[in-house]
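Please read the structure below before turning to the comments.
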Amino acid sequence: MATLLYSNASPYARLPRILLHHFDITDIQAVISNPFENQDILICANPLAKIPCLVFDDETGIYDSEVICRYLDATYGGKQLFSQLSNWSQHTQVSMLKGLIDSTVGLRQEQMREEEGVRSPFWTERFEKAILRTTLYIEKEAMVITQSNSLTIQQILLVTALDYIEFRFPDLDWVSHCPKLDNWFKSIRNLACFEQTRPC
């Protein structure tokens, strides 16, 4: 049985876990892993020692959240998620939403550096502005992302980003400027695949 190594808090590791639930995959076990412990199972499969990492029985692995998600979609989901990306606009939406997640993680890293006394006001402000600009852009220009009747990879990325903002940065107020996006988020976030993988 293959093993998905993940962290409960990581938005990157959450993405393939959402697909495990969405596709009802039962022959992959999800196991919590701390990449900073440099466990043999992780290092053998991924020399970068980063999670998420999908480890097979022969100790080989595939890693990077998008690569794992593409594998799960192709192997278990009939390519229903990534095959929907039929034009450059949709591919750009995916890049934007991945960048939104990157900005939340960057801001979290700055938050952690504050404990060491080396937090950068410049990067903190830059990440915060990127998050607020992007959520406002979605509200005004890209609500089409939310309008599919079936779950899309864009929606999965967006819910993952918004949940992580709420989890790590409850005082970062995107909601007051994005009522349509907030209403959609509240309507979809309790789907089982999201509820069972929420960061903690």
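The values are calculated or read from the model by the stated rules, or taken from the named source; none is laboratory data. Computed from a predicted structure; not experimentally measured. Cβ: placed from backbone, ideal geometry, glycine included. Neighbour counts: every protein chain shown.
Some observations on this one:
- For segment 146-200, a residue qualifies if it is among the polar types (S, T, N, Q) and more than 23 Å from GLN29 (Cα to Cα), and the qualifying residues are THR146, GLN147, SER148, ASN149, SER150, THR152, GLN154, GLN155, SER176, ASN183, SER187.
- Residue check for ALA130: closer than 14 Å to ILE165 by Cβ and either among the hydrophobic types (A, V, I, L, M, F, W, C) or surrounded by fewer than 14 Cβ atoms within 10 Å (Cβ to Cβ) (or both): yes
- Only listed residue being in contact with a strand residue (DSSP E or B) (Cβ under 7 Å, 6 or more places away or on another chain), of a type in the set (Val, Ile, Thr) and either modelled with pLDDT of 95 or more or surrounded by 15 or more Cβ atoms within 10 Å (Cβ to Cβ) (or both), chosen from ILE62, ILE101: ILE62
- Within segment 1-40, the set of residues being among the aliphatic types (A, V, I, L, M), modelled with pLDDT of 95 or more, over 23 Å from SER150 (Cβ atoms) and touching a strand residue (DSSP E or B) at 6+ places or on another chain (Cβ under 7 Å) comprises ALA2, LEU4, LEU5, ALA13, ALA30, VAL31, ILE32.
- Here is the figure for segment 1-60: residues that are part of a loop (DSSP other than H, G, I, E, B) and free of Cβ contacts under 8 Å to residues at least 60 places away in the same chain total 23.
- Of the helices (runs of 4 or more DSSP H) lying entirely inside segment 134-200, the ones with 2 or more residues being without any contact (Cβ under 8 Å) to a residue 24 or more places away in the chain are found at 179-188.
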